[in-house]
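Visitor: Before anything else, here's the structure in question.
The values are calculated or read from the model by the stated rules, or taken from the named source; none is laboratory data. Given the structure is predicted, the values throughout are model-derived calculations rather than measurements. Don't worry about glycine lacking a Cβ; one is built from the backbone with ideal geometry, like all the others, and counts go over all protein chains shown. Accessible surface is based on the protein model in full, side chains and every heavy atom, while ligands, DNA and RNA are left aside. Shrake-Rupley method; radii C 1.70, N 1.55, O 1.52, S 1.80 Å.
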Amino acid sequence: MKKRFFLKNLAVFLLPIMVPMILLGSLSIAVLQRYIKNEISSSHIRQLNQTKEHLELMLNEMDSLILTLDNHSKINNVLGNLLENQLPKYEDLVPGEMLQAFLNAPANARPYIHSIYAYYRNDHGLFVSSNVGVANLNSYWDTGWYDGYRNHDGKAEIWTEPRNIKQYSFEKNAKRIVTVYRRLHTRDGMIALNLSRDYIEDILRSLAVSSEQCVLIFNENGQLLLAAACRTT
């Protein structure tokens, strides 16, 4: 009897206290969970914005190339004459070296740029490379970009493609790049901006909120361009 009486009174005493505590605890947990969720969402949005800003900064390199090689009539004509003549004239050599220097400057100054190619349609398979100047598709070590340009379906002005390239056959590991293609308006041709995937992925990893976060970037065809901080099982 005493035990039952004690438990009954204890329940009567604790019930008015426990109910508000449970309600307040549940409310606190819900508020805390919502706060954490909002903070995580905000941090992810900040990271995505930072990723977008970095990628846009890299892609802005294409704008200066287009302004010079496509919109500047004199430079456009010089490059066109240079590529249309299988044996360039002496007066074309100096402008050709200047064009190579123009392409080489951003390629050397920006660690995320591997190389830059400028191509106008011609009968000799010639193009200008930031690495060597005037090059020939029949002998140059990297011609996958040309295949990607000629085989591209549609009339897109700009598109991207992941590629693996090797300059020498004895290289153990291929260089992983993303090629950004941009069609020209004044001529049948394009500019290929080759970006280093490893360098960009390192930047994306530095922006990650946690080590378990995974950032994946695909192109318009669903091809994986960049993957950062992704754990493999």
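Here's the yes/no breakdown for (1) at pLDDT 85 or above; (2) open to solvent by 50 Å² or more (accessible area, probe 1.4 Å); (3) not in a strand (DSSP E or B):
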{"position": "Gly154", "(1), (2), (3)": "no, yes, yes"}
{"position": "Asn173", "(1), (2), (3)": "yes, yes, yes"}
{"position": "Ile177", "(1), (2), (3)": "yes, no, no"}
{"position": "Tyr181", "(1), (2), (3)": "yes, no, no"}
{"position": "Val209", "(1), (2), (3)": "no, yes, yes"}
{"position": "Asn221", "(1), (2), (3)": "yes, yes, yes"}
{"position": "Leu226", "(1), (2), (3)": "yes, no, no"}
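Visitor: Which residue pairs have Cβ atoms under 6 Å apart, sit 6 or more places apart or on different chains, and have a first residue in region 104-115 that is within 16 Å of Val132 (Cβ to Cβ) and a second that is open to solvent by 60 Å² or more (accessible area, probe 1.4 Å) and among the charged types (D, E, K, R)?
Guide: none
Visitor: Then there's this: Could you tell me which numbered condition Asp198 fails, if it satisfies all but one of (1) assigned to a loop (DSSP other than H, G, I, E, B); (2) surrounded by fewer than 17 Cβ atoms within 10 Å (Cβ to Cβ); (3) of a type in the set (D, E, K, R); (4) at pLDDT 90 or above?
Guide: It fails just one condition, (1).
Visitor: Oh, and also: Restricting attention to region 136-187, which residues are under 22 Å from the mean Cα position of the chain (by Cα) and hydrophobic (A, V, I, L, M, F, W, C)?
Guide: Those that are under 22 Å from the mean Cα position of the chain (by Cα) and hydrophobic (A, V, I, L, M, F, W, C): Trp145, Ala156, Ile158, Trp159, Ile165, Ala174, Ile177, Val178, Val180, Leu184.
Visitor: Hey, among the residues in region 123-136 that are surrounded by 15 or more Cβ atoms within 10 Å (Cβ to Cβ) and free of Cβ contacts under 8 Å to residues at least 40 places away in the same chain, which one's farthest from Ala105 (Cα to Cα)?
Guide: The qualifying residue farthest from Ala105 (Cα to Cα) is Gly125.
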